[in-house]
Amino acid sequence: MTDEPERTDAEGSEGADATEAADRKESTFLVTHVESDSAVLKDVRDGQVHTLSSNPGLEADDAVEATVAPDPPMEVTYRVIEVAERRRLSIEESEEPPTVHERDLAAETPTGELAREPRAGEGEIHVLTPPEGDTEDAVADVVEDREATLSRAARLGVNRVEIRSEPGVVSVRYMP
């Protein structure tokens, strides 16, 4: 016999609530896949993927500031406890050429490299310097790597990614 007092059902449920609170994860997530009865979230900070056991109305390409917790008893799927913010993310290829400032950044950056700098206000500008003949492929790579591009936008707290290009310069603008 032990000297520990016996727990009542009420104390047991408090212990379960404390365990659930410890297992909760609060972060920024990118919604990568949805179905009517489930969704897949990717934590944009650590890359961990969380499959939801239900879909609380999320859409692919949403960024959500949310709290999730594992579903008992197996804890292989998650549920959304709270959504603090939800925003729609988009990627668009602009007809506009890179700005003078972006072209200046490209001129200072060796071919095949990347320059990053904060935008005035919110967001960031990434300037890639592919060989001139590979510019269209570089633009296609950014557009096709949708998950990585939108994860970066979600992490930066912006809603829109705009891609501008001209031979030898690709500007990826992360904007509110």
> When the chain is treated as a GNM, springs tying every alpha-carbon pair under 10 Å, which of 64, 161, 49 comes out with the largest mean-square fluctuation?
Replying inline: 49
>> Could you give each residue of region 140-151 its phi-based ³J(HN,Hα) in whole Hz, using Karplus coefficients 6.51, -1.76, 1.60 with θ = phi - 60°, and x for Gly or Pro?
In response: 4, 4, 5, 5, 6, 8, 3, 4, 5, 5, 6, 4
> Using the beta-carbon distance between residue 92 and residue 155 and R0 = 22 Å, what value does 1/(1 + (r/R0)^6) give for FRET efficiency, to the nearest 0.05?
Replying inline: 0.70
> From the backbone phi of region 126-131, what are the Karplus-calculated ³J(HN,Hα) couplings (6.51 cos²θ - 1.76 cosθ + 1.60, θ = phi - 60°) in whole Hz, Gly and Pro given as x?
Replying inline: 10, 10, 9, 10, x, x
> Sequence-distant or interchain residues sharing an amide H contact under 5 Å with residue 91, placed H: which?
Replying inline: 161
> Between residue 137 and residue 175, what length comes free when the chain is fully extended (0.36 nm per residue of separation minus the Cα-Cα distance, one decimal in nm)?
Replying inline: 11.4 nm
> Which value in nm describes the separation of the simple spin-label points at residue 65 and residue 84, placed 7 Å from the Cα toward the beta carbon?
Replying inline: 0.5
> Residue-wise, which Karplus ³J(HN,Hα) couplings in Hz belong to region 82-88, taking 6.51 cos²θ - 1.76 cosθ + 1.60, θ = phi - 60°, and x for glycine or proline?
Replying inline: 7, 10, 7, 7, 9, 9, 8
> Long-range amide H contacts for residue 78: which residues qualify at under 5 Å (H placed 1.01 Å from N, peptide plane, sequence gap of 5 or more or a different chain)?
Replying inline: 51, 52, 53, 71
> Given labels modelled 7 Å from the Cα in the Cβ direction, how far is it in nm from residue 35 to residue 101?
Replying inline: 4.6
>> If amide hydrogens are placed 1.01 Å from N in the peptide plane, which non-local residues have theirs closer than 5 Å to the one on residue 38?
In response: 55
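Read-outs: derived from the displayed coordinates by stated rules, not from any lab. All figures in this text were calculated on a predicted structure; none of them were measured in a lab. Using ideal geometry, Cβ is built from the backbone for each residue, glycine included, and neighbour counts are taken over all protein chains shown.
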